[in-house]
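Colleague: Let me begin by handing over the structure; questions about it come next.
The values are calculated or read from the model by the stated rules, or taken from the named source; none is laboratory data. Keep in mind that this is a model prediction, so the values were computed, not measured. Here the Cβ positions follow ideal geometry from the backbone for every residue, glycine too, while neighbour counts run over all protein chains shown.
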Amino acid sequence: MKKIVILTPVYNDWDSFAILLQEIERALASSGLVVTVVAVDDGSSQVRAFPPAMVRSLKTIRRVEVLTLARNLGHQKALTIGLAYASENIKGEAVIVMDCDGEDRPADLPRLLAEQQATPQAIIFARRTRRSEGIAFRFFYAVYRLFFRLMTGQSISFGNFCSIPASLLPRVVFLPETWNHFAAGVIRSRLPHRAIPAERGRRFAGNSGMNFIQLVLHGLSAISVYLDVAAVRLILFSLGVILAVALGFGALLYVKYFTLLAIPGWATTVAIGLALIFFQAIFFLTFLSFLALTSRSNRLFIPAKDYRDFIFAIETIRL
């Protein structure tokens, strides 16, 4: 492996990005690689700056390209646009996707690349083995993973930090599912992939922009990749509720008309409650059915074809 591309979305985190360049240089200095770094500026409001002394000191990183998006699209969409751009315009034996803030550790790059070289026909993800967030964040992250498994039947144990071989990159950028959630899109595509353990790093600068609301949106984006599967599972659940309500009504009618048992006074309240649940389940079932049918007729966003519409400017820094 001689030439690789490192792709990272950046939103108002240019101090971290400058440190990231130095850390990549330090991690790969003895590798003999030629590295191109592609930073996807996700509609930042801060002015970016690269310290001249730091830039001149880089040797392994030969080029830095900054793609400025026309507006803020979010982390997942920004990296998908970057992948489509890299696939069409930059040649390399592998593309590595990582965050710019240091939580994806540059020190893990040699291990990731070694695994990629040993398994050249698979995408290699880094699975975080230890997280440093607070207890509340880790609890809700575990809830997100559990809910994802319940809704989709799949498990997700890794994020965006990965190495994509050049042979699979043209297929990855034709996956419409990656527009909403990159990792879930790869899982859904059934492209060959595997994960190696990697610890979560600490931020280079500033504070994390991930909060509870963004975590919820991130989880919903992952589930949206499996919208049809989730809809079918919820439809089956609704049918189960309808069947249970019907059995409850049947039990009440049987006791009233076919036995000598006395009907308690609260049976009417129970019957009304069952009727409400029955009609709500019918409505929910109908809604989910139309949602599943509508989702199959929508036009899909194909990153390889549509990414150019979102790029406002391209700046190349040759080192």
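Colleague: So in the stretch 1-48, with the set limited to residues that are more than 26 Å from Val173 (Cα to Cα) and touching a residue at least 60 places away in the same chain (Cβ under 8 Å), which one is surrounded by the fewest Cβ atoms within 10 Å (Cβ to Cβ)?
Modeller: Per the stated criteria, the residue is Arg26.
Colleague: Return yes or no: is Arg188 surrounded by 13 or more Cβ atoms within 10 Å (Cβ to Cβ), modelled with pLDDT under 85 and among the charged types (D, E, K, R)?
Modeller: Details: surrounded by 13 or more Cβ atoms within 10 Å (Cβ to Cβ): yes; modelled with pLDDT under 85: no; among the charged types (D, E, K, R): yes.
No; evaluated as a whole, the condition is false for this residue.
Colleague: Given the criterion at pLDDT below 85, touching an Asp or Glu at 6+ places or on another chain (Cβ under 7 Å), basic (Lys, Arg) and surrounded by fewer than 18 Cβ atoms within 10 Å (Cβ to Cβ), identify the matching residue among Arg138, Arg203.
Modeller: Working: Arg138 fails: touching an Asp or Glu at 6+ places or on another chain (Cβ under 7 Å).
Unique residue meeting the criteria: Arg203.
Colleague: Taking Leu291 and the conditions (1) closer than 26 Å to Phe17 by Cβ; (2) part of a helix (DSSP H, G or I); (3) at pLDDT below 75, which numbered condition does it fall short on, given that it satisfies the others?
Modeller: Condition (1) is where Leu291 drops out.
Colleague: Find the helices (runs of 4 or more DSSP H) located wholly in the stretch 19-121 whose residues include 1 or more that are at pLDDT 90 or above, in the same structural domain as His193 (by TED's automatic domain parsing) and within 16 Å of Asp309 (Cα to Cα), and list them. Walk me through how you get there before you give the answer.
Modeller: Values: elements: 52-57, 75-89, 109-118.
The helices (runs of 4 or more DSSP H) meeting that bar are 75-89.
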